[in-house]
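Below: one structure, written as structure tokens.
No value in this document is a laboratory result; all are computed from the given coordinates. Treat the numbers as computed from the prediction; the structure is a model and nothing was measured. Counting neighbours? That spans all protein chains shown, and the Cβs are built from the backbone with ideal geometry, glycine included.
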Amino acid sequence: MHNRVYGALAALFLCFAASAANPGIKPSISLKLYPEGQGVDRGIIENGVSITLGPRESNGLSGAEELIGDGNLGNISDPHIDIYLPKKGNGQMLVCCPGGGYKYCSSYNEGTRVAAWCLKRGIACCVVLYRMPNKHSCVPLTDVQNAFRYCRAHQSEWGIKQIGIIGFSAGGHLAASASTLWTDAVTRPDFSVLVYPVITMEQDVTHKGTRSNLTDNKPDLVNFYSLENQVNASTPQTLLVLCQDDKVVPPENSIRYYSKMIVCKVPGELHILTDGGHGWGFTTSEYGHDKLTPGQREDFFRILTRWLEDRRAEIQ
């Protein structure tokens, strides 16, 4: 009897803890990118019109998604997008790519908490819970590009004039991939924000798990997904932010991307904070332990806010 009572209390405590750790917001729209599954090369169809493309290929995963730790979502075979629309929008949207080493999506720290921050500022947000590569390197970018296709198709009705991308760690690599490997004006971000991103696949500089999970260490894919090789004059203007003491993804990654931006005359900024390591995302003290000091957290939000305001001013 006592064990059942203690078990019920423990479950109730975990429920309250989870609620406190994550913002109490719900997406305005939540939908599967491939309603008929990965086995059918068809995307979202509305009123008989194809809004997005199909999955291109399956990542070979199946079964239920796995929620690990603080919102880390793994085994994603059925990707979906959660779209958060503010009551009074400012005309700007961020497509958000959570990190997780191409093994899982950090759906709280680098997903819903990003959306909550955006909503308070009138910014719409589309969180992409993309497929893991699982030796199918093209699928994460396919999912993000289809998220852009959906948002572009509906941006007029939502009052959106500008759609940028934000990504963290491996999600930063994915956001940088979307920024350098876009296929047309629809899939090209209007601007990019890369937060402690993986950029290169070079063995001694990259994050080894990200490299292995995305490229299977195949030389041709290692070269292709070393994104400093893909930056060109058409790459969207980019903000990079990271910490000097990042031991997970060496700062050299961001420096290489920014250096290539300079060569290609791509406008942008590189900001290196003093300490905070890796993975600090949008987990402020409101949600638990903040890896950034209060001053640096303020600096990050101030830099990001000003950058977004500057981008918005360009379309007004």
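Give me the pairs: first residue in region 57-68 and at positive phi and touching a residue at least 12 places away in the same chain (Cβ under 8 Å), second residue among the polar types (S, T, N, Q) and surrounded by 14 or more Cβ atoms within 10 Å (Cβ to Cβ), beta-carbon distance under 7 Å, and six or more apart or on different chains, which are they? If the second residue must be among the polar types (S, T, N, Q) and surrounded by 14 or more Cβ atoms within 10 Å (Cβ to Cβ), the pairs left are G60/N134; G63/N75.
When region 251-266 is limited to residues that are more than 20 Å from the chain's Cα centre (by Cα) and farther than 12 Å from T200 by Cβ, the one that is surrounded by the fewest Cβ atoms within 10 Å (Cβ to Cβ) turns out to be K265.
Residue by residue, here is whether (1) touching a helix residue (DSSP H, G or I) at 6+ places or on another chain (Cβ under 7 Å); (2) crowded, with 20+ Cβ neighbours inside 10 Å; (3) in a helix (DSSP H, G or I) holds:
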residue: D246; (1), (2), (3): no, yes, no
residue: W280; (1), (2), (3): no, yes, no
residue: T284; (1), (2), (3): yes, no, no
residue: G288; (1), (2), (3): yes, no, no
residue: Q296; (1), (2), (3): no, no, yes
residue: R306; (1), (2), (3): no, no, yes
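Among residues of region 143-172 that are surrounded by fewer than 24 Cβ atoms within 10 Å (Cβ to Cβ), those with a Cβ under 6 angstrom from a residue that is part of a helix (DSSP H, G or I), sequence gap 6+ or separate chain, pair up as I163/C151. Restricting region 60-100 to residues that are crowded, with 24+ Cβ neighbours inside 10 Å and not aliphatic (A, V, I, L, M) leaves a set whose member that is nearest to L174 (Cα to Cα) is C97. What about E269, is it touching a helix residue (DSSP H, G or I) at 6+ places or on another chain (Cβ under 9 Å), surrounded by 12 or more Cβ atoms within 10 Å (Cβ to Cβ) and among the acidic types (D, E)? Yes: the conditions hold for E269. Screening C264 with (1) out of contact with any helix residue (DSSP H, G or I) (no Cβ under 6 Å at 6 or more places or on another chain); (2) touching a residue at least 40 places away in the same chain (Cβ under 8 Å); (3) hydrophobic (A, V, I, L, M, F, W, C) gives one miss only, at (2). Counting the residues of region 205-240 that are closer than 16 Å to G101 by Cα, out of contact with any Lys or Arg (no Cβ under 7 Å at 6 or more places or on another chain) and assigned to a loop (DSSP other than H, G, I, E, B) gives 5. If you filter region 79-93 down to residues that are within 17 Å of the chain's Cα centre (by Cα) and of a type outside the set (A, V, I, L, M, F, W, C), you find that the one that is farthest from E309 (Cα to Cα) is P79. Each residue in region 195-213 was checked for being touching a Gly at 6+ places or on another chain (Cβ under 9 Å) and among the aliphatic types (A, V, I, L, M), and 3 of them qualify.
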